[in-house]
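Accompanying notes for the structure given below.
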Amino acid sequence: MTIDTLRASLADRYRIERELGAGGMATVYLAQDIRHERQVAIKVLRPELAAVIGADRFLSEIKTTANLQHPHILSLFDSGTVDGTVFYVMPFVDGESLRDRLTREKQLPIAEALRIATEVADALQYAHQHGIIHRDIKPENILLHGGHALVADFGIALAASKTGGARMTETGMSLGTPQYMSPEQAMGERELDARTDVYALGCTTYEMLTGEPPFTGPTAQAIVAKVMTAEPVEASTLRKSIPPHVDDAVHIALQKLPADRFATAAAFAEALRTGTTEQRGGVQRAARPVAGRPSRLWSLAGAGAMAVVAAFFIGRRTASTAGDLSTEWHGELLGGPQVATQPTVSHDAQLVAFNAMVDGETQPAVLKPASGDWRVLATDRSRGLVGTTSWSPDDSKIYYDRILDVPNGVYSVSPLGSEERLVLPNAAFPGALPDGSLLVERVNADRNLQLYRFWPESGRIDTLNAIGDNNLQISLYHAFPDGKEAAFFGRPATQKDSANHLYAIDLNSKRVRRLAPDSTFSLYSLATTPDNQWVVIGTHDGPLQRIVAVARDGSDRTRTLATLTSLSYQVDVGSDNALYFDQYDRPRQLIRYSPSDHHTDALMIPDGTFSATNNLPLPDGRTLLGVTAGTGSRVMVLAPGKDATPFMDTGEATDGPFALLGHDEVLLMLGAGPARTVAIVSIATGQLIRRIPGVNAFSIAGSPDGTTVYYATANTVWAVASTGGPPHKIRVGDAVAIDPGGRYLVIEADEASHVRLYHVPLDGSAEHEIEVHSDLRLASGVYLTSNAVAADGRIVVQVTPTSSWFWPAAILDPSTGKLDVLPPGAGYDMKGGWSPDGHIVYDARSFRSALWRFRPVGATGEKK
């Protein structure tokens, strides 16, 4: 619809002045309300969205929000149809959105962030008491007027979801924004309550405090996967000045299970104000729960990005009725690559299928425990992430699911490494049964998750309705070897707490019964023993992980087999009565890499206070570090072979990037909020030389001759004299690096969710795009560092592999477009750049994991 059409259609009521902006669902216009002589904002739905939803039905639903009257809710004045589409009218707010404010300042002062959050919570509490869930709380929908919050678009997402439903996908649009969607909303659950808004407000509060949402990624699918499975970095880790009670409140608001969150927005607000937290489901700061594998198509079973781990210990366990499960256990490493997860043992215990991380990619692999030899079975990166694995009854096939790409679904491959085959599209979590059928999850016609039994050879598929009939939300399942029943974790849909109960379903009669009726579990894996008598689960008890055997007979007998202080995401039991599982370690290292001989060495292993965002090799061989300390941050310097020592200490925050200016000075960001600015500091003395006022940058670079500072802010790259003065615009971009010779800039620009690099000569000649010829993609989010360009033109970048959410650093050769991943290849959020001596220094929060087998002492191959 054109603005002229709108003007003509509404001329008797509104005088349309100009377009204010356009989003995914609507275009907004500034208008004059002729009758009431006031300025208003008119939102006009996109015609294709209105066609799918139905104008009359949308208007009927939106009327339910017209009676909301609250000082922190933007009112709805009017609505109607024009030229086949829908419009609605709201007050015009002469201010800015919270998104505008965050784009400009990145982080807000803590007191102001908490005030905005509590005002939004008050608005949500009022709406929830009137039976209305917003469903799309995010910075874009929070307006700031006179310093106070106004929540906009109340009920719009609700109206769209009720009237459009599943047909929204026909328009290419979705309801909600991935960074702020609760796990239950991300999976399309129809019945959402106040806790989904609490989650979104928790995300928004987290961003106001830290400068970024809890989860980010290169695609919506990658973000949703993190929402479903990953744990966010604690806000206080990113900003030490956040009070502990605020950190706790945000942590509870971001819990995966609705039952673990605050029940009301008012409870969240009270916790932010006073530290009085409503402890739900055992969620406490001292014992953060470990998320189990969610029963969701978007889950990443075995994704290492959730684990924070230490060493483990195995002790003596005794019991009179547990048979082989009550003896002393002995552990041994099985081998595999640096990152190996999700072991599943074959029926003859001769092979272990697992997920291998190779060059930053997850692929199905198989290992021989007898020799430690292993191999990758399929390497098609375009098919997405590998999740759960299961062996066919005769061990001739390995079934697994791939997600985050099209077609997602269940695949099979031979352990000998034949071509993988798509067995069932749009399905996940395959579990093989003795008759050759598979238990799988799939979204049904009503867009709800449903458990099915599928026969790959014939294509027959049956629905296991019994679980739904018993009103159970299934979380994890595993079939007994006899094929008669499958054990699963479930939680009644009406249950208020987050406890999971253990059930069994008869696969013939489909009758459901409760196992261990007096027990509840916090789960992360599930298996069964070869004798069909025990269910073996991974559960957590405070900071410890336990592997527990639960009797199948429903007697409530349980046996603790092992106690771990490290994390395992998959436990399996072999026919040798051994336990197979993965163990995690996650070091944070500052690494120096030599591209000529591929040698790496760790410059330091930080103690947990290390800031992964700031490091810069200096011309004298030292490395500049950003280090958090207490409630603030400091700049340290690391000399070869020595501990880090203070470089400077101004008492101001130093949470921005570093860059060289000439050979004797360094650029860094000092301060926070509006006071944040570029400072020039002497490399030799660490003394502040001067500031460049008016510069609040997310990326900075200095010219080799020391005369010019280049910086990026608000999607634009600028240049300013190092002595100060007015800046001039270079081009659109999000980050900037400079050639060591001072001849050109490399500028990163995130254009339509696609990251591009541009070669911009400083002599005024024509720029050009730097092409990338690789299956890997450049990561978005200002990952280009000031020293990313080598003397020969090679560039250190961060990439997002298609079959992993690990984001390793890589070297881009601009002449060929080829990308070479830096070791260790399994890191993420890796910031790297060239040192003056031709090495690459980067921070790698890398994951290491190993496959273990634990066998009873006295079993085959073991000595007492």
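The values are calculated or read from the model by the stated rules, or taken from the named source; none is laboratory data. The structure presented is a predicted model; accordingly, all values stated were derived computationally and were not measured. Here the Cβ positions follow ideal geometry from the backbone for every residue, glycine too, while neighbour counts run over all protein chains shown. All accessible areas refer to the heavy atoms of the entire protein, side chains included, with ligands and DNA or RNA removed. Shrake-Rupley method; radii C 1.70, N 1.55, O 1.52, S 1.80 Å.
Structural remarks
- Stretch gain in nm, segment His728-Ile461, where the contour uses 0.36 nm per residue and the Cα spacing is subtracted: 89.7 nm
- Three-way shape call for segment 658-712 based on the alpha-carbon gyration tensor, with the a/c threshold at 1.5: oblate
- Sorting the segments 408-415, 5-12 by their mean number of nearby beta carbons within 10 angstrom, highest to lowest, gives 408-415, 5-12.
- Shape class of segment 222-277 from the Cα gyration tensor (axes a ≥ b ≥ c, square roots of the eigenvalues): oblate, since a/c reaches 1.5 or more and a/b does not exceed b/c.
- For Ser722, the residues whose modelled amide H falls within less than 5 Å of its own, excluding neighbours fewer than 5 places apart on the same chain, are Thr708, Val709.
- Across segment 659-790, the relative contact order, built from alpha-carbon pairs under 8 Å that are at least six residues apart, equals 18 percent.
- The modelled label-to-label distance for the pair Asp643/Thr707, using points 7 Å beyond Cα in the direction of Cβ, is 4.4 nm.
- The simple Förster model, with R0 at 41 Å and r as the Cβ-Cβ distance, assigns Asp100 and Ser396 a FRET efficiency of 0.10.
- Net charge, Val736 excluded, C-beta distance under 15 Å - Lys, Arg +1, Asp, Glu -1: 0
- Full-stretch length increase - Thr563, Gln129 - with 0.36 nm per residue and alpha-carbon distance subtracted: 151.7 nm
- Judged by the mean number of other Cβ atoms found within 10 Å, the most tightly packed of the peptides 334-342, 638-646, 39-47 leads the ranking 334-342, 39-47, 638-646.
- Within the shell of other residues whose beta carbon sits under 12 angstrom from the beta carbon of Asp394, the net charge comes to -2, with Lys and Arg scored +1 and Asp and Glu -1.
- Applying 1/(1 + (r/R0)^6) with r as the Cβ-Cβ distance of Asp435 and Arg35 and R0 = 51 angstrom yields a FRET efficiency of 0.10.
- Theoretical gain in end-to-end length, Asp482 to His754 [0.36 nm per residue, Cα-Cα removed]: 92.9 nm
- Relative packing of peptides 715-724, 428-437 - highest average C-beta neighbours within 10 Å first: 428-437, 715-724
- Cross-link check: pairs Lys642/Lys818; Lys106/Lys831; Lys256/Lys368; Lys106/Lys138; Lys106/Lys240 evaluated at a Cα-Cα cut-off of 26 Å; pairs beyond the cut-off: Lys642/Lys818; Lys256/Lys368.
- Neighbours of Ala701 by Cβ distance under 12 Å: Lys/Arg scored +1, Asp/Glu scored -1, total -2.
- Rounded to the nearest 10 square angstrom, Ser371 shows an accessible area of 70 square angstrom against a 1.4 Å probe.
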